[in-house]
Amino acid sequence: MRKTIAACLIGFLLCTTTIGQTGIYSLSNVPEAVKNNADVVVHRESTDVDIQGVEKFTIKVDRIFSVVNEDAKADLVFRQYSSKNISLEDAEIKVYDANGKQTARYKKKEMSTSAIGEGLIEDGYVTYYYVTASSYPITLEFKYEIRIKGTLNIPDYMLAEENEGVVESDYTVHVPSDLGFRYKAKHADIQPVITDEGKMKTYKWGVKNLSPLKDEAGAAESQDRYPHVTFAVNKFSYYGLEGDLSSWKNFGSWLSGLYNGLDDLPADRQQFFNDLVKGATTNKEKIARIYQYLQENFRYVSIQLGIGGLKPFPADFTDKKKYGDCKGLSNYMKAALKSVGIKSYVAIINAEYDREPADPDFPENGFNHVILCVPDQKDSVWLECTSSSNEFNELGTFTENRYALLITDEGGVLVATPKSRSYSNTLVTTTTIPMLDDLSAITETVFSAKGEYREMMNDILKSNKDEQKKIAVSYLGFKQPDDLEFAKESSEGSKTKLRMLVAKVPEFSAGEKLFISARMYKLWSSVLPKADNRKLDFYFRFPFEKTDTTILKLPAGAKADALPKGSEINCKYASFRSSYWYDESSNSVYSVCSLVLKQHKIPATDYPSVKKFFDDLMQDDSQKIVIRKATSPEKKAF
């Protein structure tokens, strides 16, 4: 499926040639291996990238493709982004029926153009046109030309994407020899044909008859997972500023120039921060105090201003406005720390839990986020400055497990961010179920949460009651309650209490025997995707540790008849333990279990064992406590 081209122009999927009147691009002429299970068939696509010099380049696109069914209806939309530095020069759409007869034609002047902006300021435009399909398949030709000022971002050559068959595709780059053009194929073994014309070189890649890539649930959502070739030039220009991308150090030096002089605060604000950290005995304590001030007094907004969204507002501006984007808030935190004599560096990073790290051997501008690093020989401090609830020195999988480019006085330094740790995301639950004679109960669960689970509990507390009930049942796996109430248990926000009215605790009965779930709350309730022939790595959102204690208090006269057997399940990436016992003195059944997921990215080759682990876990979770019921009723109240 084709994706929208982002402002950075990464991810173009393009094409070539003019369709004839003979039906040559009919699906009947497409090899079976290419069209089988395809939602889109690209008959021919071509991209011609002409880099005239360090300051500009043009892209000419001609793409002929068939949308096979309604699942790919999003591909019927022509959509191109433009801005001050990106100009859509011309565009044309042609529509053909199954026999190759042209049924419609639309020029750029017939398309709609709207201003768009990700933040407070509208920072670009999108030109679009929706093609209506009365039936499928339908064949389209998108032909357009784009001019770009600057050469920092050259669009990747995407060979194919999910559910897309490709008959023929090529990608050509014309580039001055002295710019230092570089390329690297990823998830593909493809090399260009190179023509040396003296002052210019031409590189051409091409593929034919590619079968559709099968979508696999739980795989990375980024386009990086598909076969592609990425490009960069050593000498580049961006918004009129020339730079050197031949090394991470040189690129960092260029970025450093954008931040130069923007981390100064007025004398009174510097004094404010010095007063704020008075009495702190270590630098880490000082950093924590200032970070807490940032979290409590500033809010995150997305502002794409400055030089292409790469240059932050001055720290003084952010201080007055009390808001900023990732680079603005990180730069402000840097200025605040500078006020109290602590050196820190902004760090440019490619953020998202399923993004691959930057390639140490291939410098390029593939970043989309900014965080802050306070270096230390033993234990550097990393700060996510856009979050109002992240725990101090905890990044989370959004920016862990990859490389960040530190912008230092000596240039860029590519360093590894912390590895994700299961003990950074913990959820400890204790549930008490005082079951009455009529088999009802007002249950009480106390959650003690850390990391991602703390974020989750904060979101639950902000939700309305209907949403809370939906989350409790669908996500947390609680038994459907007749009523519930979430409340914050501690001032620190790490503990939350849930009270639920459950009209009938047992799942079912047989004679005098009652069958009750071993836990009111399920440690795991999602069936993982099938493991057969998996090709792509599987991603959980984050590694974690969960512990649950459930105490079932039996009514007078009721006795435990049979308890589940304790179990132990293990695989390379996860472990599970459970135990059960009956306490006669309190007439209560205890269930205690723990689940640990050690890392969130599971290689495709190891996925079958992880799939089996969680299937076995759900089997264990289905076990029941059997009790013999009492005879005398008792009334309840909520």
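The values are calculated or read from the model by the stated rules, or taken from the named source; none is laboratory data. A quick note: this is a predicted structure, and the numbers were derived from the prediction, not measured. Backbone-built Cβ (ideal geometry, glycine too); neighbour counts: all protein chains shown.
Observations
- Matching option when the condition is part of a helix (DSSP H, G or I) and aliphatic (A, V, I, L, M), among 552, 617: 617
- Some residue of region 363-377 being farther than 22 Å from residue 223 by Cβ and of a type in the set (Gly, Ala, Ser): no
Residues are listed down the side, and each one gets a yes or a no for (1) aliphatic (A, V, I, L, M); (2) in the same structural domain as residue 328 (by TED's automatic domain parsing); (3) on the phi < 0 side of the Ramachandran plot:
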residue: 379; (1), (2), (3): no, yes, yes
residue: 384; (1), (2), (3): no, yes, yes
residue: 399; (1), (2), (3): no, yes, yes
residue: 428; (1), (2), (3): yes, no, yes
residue: 438; (1), (2), (3): no, no, yes
residue: 444; (1), (2), (3): no, no, yes
residue: 465; (1), (2), (3): no, no, yes
residue: 470; (1), (2), (3): no, no, yes
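- Within region 523-544, one or more residues are within 28 Å of residue 400 (Cα to Cα) and acidic (Asp, Glu).
- Region 86-101, subset in contact (Cβ under 8 Å) with a residue 60 or more places away in the chain and closer than 23 Å to residue 127 by Cα, residue surrounded by the fewest Cβ atoms within 10 Å (Cβ to Cβ): 87
- Within region 565-577, tally of residues that are assigned to a strand (DSSP E or B) and either at pLDDT 95 or above or not assigned by TED's automatic domain parsing to the domain that holds residue 605 (or both): 7
A quick yes/no check of all residues on (1) closer than 17 Å to residue 93 by Cβ; (2) in contact (Cβ under 8 Å) with a residue 40 or more places away in the chain; (3) under 24 Å from the mean Cα position of the chain (by Cα):
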| residue | (1), (2), (3) |
| --- | --- |
| 125 | no, yes, no |
| 132 | yes, yes, no |
| 137 | yes, yes, no |
| 143 | yes, yes, no |
| 147 | no, yes, no |
| 151 | no, yes, no |
| 156 | no, yes, yes |
| 160 | no, yes, yes |
| 164 | no, yes, yes |
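- Residue list for region 61-85, restricted to those being in a strand (DSSP E or B), surrounded by 19 or more Cβ atoms within 10 Å (Cβ to Cβ) and not aliphatic (A, V, I, L, M): 62, 63, 65, 66, 78, 80, 81, 82
- When restricted to residues that are more than 24 Å from residue 594 (Cβ to Cβ), in contact with a Lys or Arg (Cβ under 7 Å, 6 or more places away or on another chain) and not in a helix (DSSP H, G or I), region 435-471 contains 6.
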